[in-house]
Amino acid sequence: MNIRHNALMRNVEIHPTKLGRLASLLSPDRAFQLGQTAERARLLFAGHTMWNINATAQGGGVAELLTGLLAYGRGAGVDTRWLVLDADPEFFSLTKRIHNNIHGVPGDGGPLGSAERRRYEAVLASNLTELTRQVRPGDVVLLHDPQTAGLIEGLRGRGAHVIWRSHIGRDESNDYTERGWEFLRPYVEPADGFIFSRRKFVPDWLSDRTTQIIPPSIDPFSAKNLDLDDARVRAVLVRAGLVANSEPVGDLSFVRRDGTAGLVRKHENLLLDGAPPPPADARLVVQVSRWDRLKDMAGVLRGFTDRLPEMPADTHLMLVGPAVEGVSDDPEGAEVLAECAEMWQQLPDHARDRTHLAALPMDDVDENAHLVNALQRHAYLVVQKSLVEGFGLTVTEAMWKARPVIASAIGGIQDQITDGQDGLLLDDPTDLDQFAHTLIQALTDEDLAAQIGAAARARVQDRFLGDRHLSQYGKLLVALVSADR
């Protein structure tokens, strides 16, 4: 085993966003509460830093979440910083195995024994060496997911307050879940506090006293969620080659997270095998996610094409994920994309014509977010047929855009959607007949789709905007640091 030395963790630039921008969408009471929490945090953290450490700065829900939250934290006057682990593919294959086990599935089926512990600890030890030169006593460190748990003890020894934030979990434990937690437990337990997205995700060996439940949220002003009119959506998708039309007519600009302007590039190869894009007036069903087996892109494709004759004739399906070379912490992505591509290539011509696989570029994460925004807004409905899900950010994103969403009744999605009111839930995500039936129902009942879409946006406004998330974080951190001082 090669031991890593002199890890160079990536420092992710955070561009501050004033809280007033978010407050403009809130009731006076919510805006006041957010401001009060921010002021207490600013005063308490004077002279100290709040660090966030995770596995990647792009290509996943955690990175998406941190981008918005940390910008508001910096805008509120808190010295907030973001570091990304320096690790190799072998480490990420191991942590993907742990991730899958926590979700209750075998993943690659590999071991989690003493050799894996040595590998895990060696990579994190080299990262810790760099961290101890930057983190000071009294700082607060939020560590995200299994990749970072092995840093907890060393950072606490440095005098930092350490919180471990798990974005994953499973409602009902099984042998794989227990195996994953058995590996992580000695690294996790020393933390000062813990954050989970859902109560059922918390292992029974953690104390309620030190555990908080904080569901994720979205930033409504990010490139992925900012309001776009129909003409702009159409122009963006035509320019990127994701829908068919003549030359794009409309605004192709977008605002990057640093405040500068970007312009959507002309792309000619985002769809698999150079396949033609769907017509601009097609009713598009979209699932956006990583190329991850637990997102079940293949099941969505099969469920749609098996019942294609019953779908309205103008309906098309698009499965959308990142270009796999741009997601360093998920070695499974290329395999899943290849499997979906092979399945698509074996379809009859008429089915291939109405199904589309898109891999969006990751070399410009702001353009990527703008493309996802346009696709979700253009979609007639959005699907998230995950087999396991901690919390579906893509579900909340689509709901904010008033799209009707069909999603699996699993994990955090059950907290996001009230079935039949602001979305449609699938009792069994492996039941492709139920999936197809629900899809056909939503496609053929336009009144139902419109009512669900409108209620979906209202639910996000009420429960899943960043002010609630920031206030919960702020109260937790204020309590932790105040008690110590």
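Quick check on residue 107: is it modelled with pLDDT of 95 or more and surrounded by fewer than 22 Cβ atoms within 10 Å (Cβ to Cβ)?
The answer is no for residue 107.
Checking the conditions here, which among 450, 456 is surrounded by 22 or more Cβ atoms within 10 Å (Cβ to Cβ), modelled with pLDDT of 95 or more, touching a Pro at 6+ places or on another chain (Cβ under 9 Å) and assigned to a helix (DSSP H, G or I)? Walk me through how you get there before you give the answer.
Values: 450 fails: surrounded by 22 or more Cβ atoms within 10 Å (Cβ to Cβ).
Step by step, each of 450, 456 is checked, and only 456 is surrounded by 22 or more Cβ atoms within 10 Å (Cβ to Cβ), modelled with pLDDT of 95 or more, touching a Pro at 6+ places or on another chain (Cβ under 9 Å) and assigned to a helix (DSSP H, G or I).
If residue 276 passes every condition in (1) closer than 29 Å to residue 253 by Cα; (2) buried (at least 21 other Cβ atoms within 10 Å of the Cβ) but one, which one does it miss?
That leaves (2) as the condition not met.
Could you please tell me which pairs satisfy a Cβ distance under 8 Å, a separation of 6+ or placement on different chains, a first residue in the stretch 96-112 that is in a helix (DSSP H, G or I), and a second residue that is modelled with pLDDT under 95 and among the acidic types (Asp, Glu)?
96/108; 96/329; 96/330; 96/332; 97/108; 100/108
Can you report the number of residues in the stretch 158-206 which are touching a His at 6+ places or on another chain (Cβ under 9 Å), part of a loop (DSSP other than H, G, I, E, B) and more than 24 Å from residue 387 (Cβ to Cβ)?
Final tally of qualifying residues: 1.
Out of curiosity, is residue 123 surrounded by 18 or more Cβ atoms within 10 Å (Cβ to Cβ), part of a loop (DSSP other than H, G, I, E, B) and at pLDDT 95 or above?
Against the criterion (surrounded by 18 or more Cβ atoms within 10 Å (Cβ to Cβ), part of a loop (DSSP other than H, G, I, E, B) and at pLDDT 95 or above), residue 123 does not qualify.
Kindly indicate which of 351, 341 is over 30 Å from residue 258 (Cα atoms), touching a residue at least 60 places away in the same chain (Cβ under 8 Å), aliphatic (A, V, I, L, M) and part of a helix (DSSP H, G or I).
The match here is 341.
Restricting attention to the stretch 211-241, which residues are β-branched (Val, Ile, Thr), touching a helix residue (DSSP H, G or I) at 6+ places or on another chain (Cβ under 7 Å) and not in a loop (DSSP other than H, G, I, E, B)?
213, 218, 233, 236
Would you check if there is a residue in the stretch 365-378 being in a loop (DSSP other than H, G, I, E, B) and surrounded by fewer than 22 Cβ atoms within 10 Å (Cβ to Cβ)?
no
So is residue 434 in the same structural domain as residue 302 (by TED's automatic domain parsing), farther than 16 Å from residue 317 by Cβ and polar (S, T, N, Q) or not?
So residue 434 fits the description; yes.
Which one of 207, 166, 222 is of a type outside the set (A, V, I, L, M, F, W, C) and either outside the structural domain of residue 94 (by TED's automatic domain parsing) or touching a Leu at 6+ places or on another chain (Cβ under 8 Å) (or both)?
222
Looking only at the stretch 362-392, how many residues end up being touching a helix residue (DSSP H, G or I) at 6+ places or on another chain (Cβ under 6 Å) and not β-branched (Val, Ile, Thr)?
Number of matching residues: 12.
Search the stretch 359-396 for residues being of a type in the set (D, E, K, R) and under 25 Å from residue 444 (Cβ atoms), and hand back the single one that is farthest from the chain's Cα centre (by Cα).
Selected residue: 377.
Is it the case that residue 142 is assigned to a helix (DSSP H, G or I), under 24 Å from residue 330 (Cβ atoms) and of a type outside the set (S, T, N, Q)?
No; evaluated as a whole, the condition is false for this residue.
Look at the stretch 259-312 and say how many of its residues are in contact with a Pro (Cβ under 8 Å, 6 or more places away or on another chain) and assigned to a helix (DSSP H, G or I).
Number of matching residues: 1.
Go through 69, 26 for me and flag whichever is under 18 Å from the mean Cα position of the chain (by Cα) and either surrounded by fewer than 23 Cβ atoms within 10 Å (Cβ to Cβ) or farther than 24 Å from residue 129 by Cα (or both). Lay out the reasoning, then the answer.
Working: 26 fails: under 18 Å from the mean Cα position of the chain (by Cα).
The match here is 69.
Yes or no: residue 143 more than 19 Å from residue 176 (Cβ to Cβ) and buried (at least 21 other Cβ atoms within 10 Å of the Cβ)? First the steps, then the outcome.
Numbers: more than 19 Å from residue 176 (Cβ to Cβ): yes; buried (at least 21 other Cβ atoms within 10 Å of the Cβ): yes.
In short, yes.
Only one residue in 179, 199, 170 is of a type in the set (Lys, Arg) and buried (at least 21 other Cβ atoms within 10 Å of the Cβ), so which one is that?
That would be 170, the only listed residue that is of a type in the set (Lys, Arg) and buried (at least 21 other Cβ atoms within 10 Å of the Cβ).
Of everything in the stretch 40-71, what is part of a helix (DSSP H, G or I) and either modelled with pLDDT of 95 or more or under 21 Å from residue 145 (Cα atoms) (or both)? Give them in sequence order.
61, 62, 63, 64, 65, 66, 67, 68, 69, 70, 71
Is it the case that residue 89 is within 22 Å of the chain's Cα centre (by Cα), assigned by TED's automatic domain parsing to the domain that holds residue 132 and surrounded by fewer than 22 Cβ atoms within 10 Å (Cβ to Cβ)?
yes
Would you point out which residue out of 156, 117 is among the basic types (Lys, Arg), without any contact (Cβ under 8 Å) to a residue 60 or more places away in the chain and either over 28 Å from residue 414 (Cβ atoms) or surrounded by fewer than 22 Cβ atoms within 10 Å (Cβ to Cβ) (or both)?
Numbers: 117 fails: without any contact (Cβ under 8 Å) to a residue 60 or more places away in the chain.
That would be 156, the only listed residue that is among the basic types (Lys, Arg), without any contact (Cβ under 8 Å) to a residue 60 or more places away in the chain and either over 28 Å from residue 414 (Cβ atoms) or surrounded by fewer than 22 Cβ atoms within 10 Å (Cβ to Cβ) (or both).
The values are calculated or read from the model by the stated rules, or taken from the named source; none is laboratory data. All of these numbers come straight from a predicted model, not from anything done at the bench. Counting neighbours? That spans all protein chains shown, and the Cβs are built from the backbone with ideal geometry, glycine included.
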